[in-house]
């Protein structure tokens, strides 16, 4: 109170002399205000930098190591040849040779990205289609992709025991085809007969359900024509031009398949000239060959290797005897083979008894640690080493 009275009595215009403590407090208050203003400025500048459309770094001066790496080739980069890894056992690097005249460019592609998304697996890839007078023919894409790779069904890539089953004859019976597609697990590969009906529609249905498919080709047996595989059979006596014409007819019957499989052909498969011409065509088009294993004299293994054709040979025909018990016994034999050598391949036909037996066996064999895989997963591929 005394201090207030002294302040009132003091003449106007004369300042009060503060102690050193009062001066220090004033400076602290000023420092706090300055620090606050500085923080606001820093935040404002940071926000301005973050909201700029381009960073301060000039892209033109960023160092880039050569060779240049690009995500994928364009159609203009034609005739690229693909050097693929040894086997489809999980992700790996694929290097594509640069096109002529373009040095220093290496294309890196993950092979897991080569195949189709299963949601659109029923749609042909236009880059893999060659138009012909009989219909669409499979062909390698300009960037080196093959129907064998693109239309393959994905699988785990694990190294455990694997079994591939190919059930052929689809398309011959509309009811039987519908039953097979509906009952068989999607891991089972389906084979279409070229003499079948509505193959385009059935192919789309099978692919939507997740199946990998192959196209069967009628080849000459020893007792031809008494035993006749059907229309446009490839024969030893026919010239190369006629056989290629008949082969291309079969290939054009539908699309989205990874390989062809023989229908009969015990005599045809022993002819190096006839079989060699067919394998050369398959290699050029980038599709595989499945031998049903019915002929021990077949030249298919060596001719497939010579022509760069992915190849698989059946270990057993599971329904030579059309009896459920006999079929299940054959399937059990395949399981033993798979455990012994890592994989096994069985072939059969779309008989009702076969479809029922395979469907029930498949659900049980999985519980015993066997993986059912598409035929492409167990094929030997010369282009992968």
What number of residues within the stretch 244-257 are touching a strand residue (DSSP E or B) at 6+ places or on another chain (Cβ under 7 Å) and not in a loop (DSSP other than H, G, I, E, B)?
5
Among the candidates 86, 127, residue that is in contact with a helix residue (DSSP H, G or I) (Cβ under 9 Å, 6 or more places away or on another chain), within 30 Å of residue 189 (Cα to Cα) and at pLDDT 85 or above:
127
Can you say whether residue 293 is under 28 Å from the mean Cα position of the chain (by Cα), at pLDDT 95 or above and either assigned to a loop (DSSP other than H, G, I, E, B) or within 15 Å of residue 379 (Cβ to Cβ) (or both), as far as the supplied structure shows?
no
Closer than 17 Å to residue 250 by Cβ and in contact (Cβ under 8 Å) with a residue 24 or more places away in the chain, is that true of residue 136?
yes
Only one of these conditions is not met by residue 173: (1) surrounded by fewer than 22 Cβ atoms within 10 Å (Cβ to Cβ); (2) in contact with a helix residue (DSSP H, G or I) (Cβ under 7 Å, 6 or more places away or on another chain). Which number is it?
(2)
Cβ-Cβ under 9 Å, sequence separation 6+ or interchain: first residue in the stretch 259-278 and farther than 20 Å from residue 312 by Cβ, partner modelled with pLDDT of 95 or more and in a strand (DSSP E or B). Which pairs?
267/219; 274/219; 274/234
Among the listed residues 230, 286, 210, which satisfies the condition of being under 19 Å from the mean Cα position of the chain (by Cα) and either surrounded by fewer than 19 Cβ atoms within 10 Å (Cβ to Cβ) or free of Cβ contacts under 8 Å to residues at least 12 places away in the same chain (or both)?
210
For residue 241, are the conditions met, namely being out of contact with any strand residue (DSSP E or B) (no Cβ under 8 Å at 6 or more places or on another chain) and within 18 Å of residue 287 (Cα to Cα)?
no
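The values are calculated or read from the model by the stated rules, or taken from the named source; none is laboratory data. Quantities reported herein were computed from a predicted structural model and do not represent experimental measurements. Positions of Cβ are backbone-derived with ideal geometry, glycine not excepted, and every protein chain shown enters the neighbour counts.
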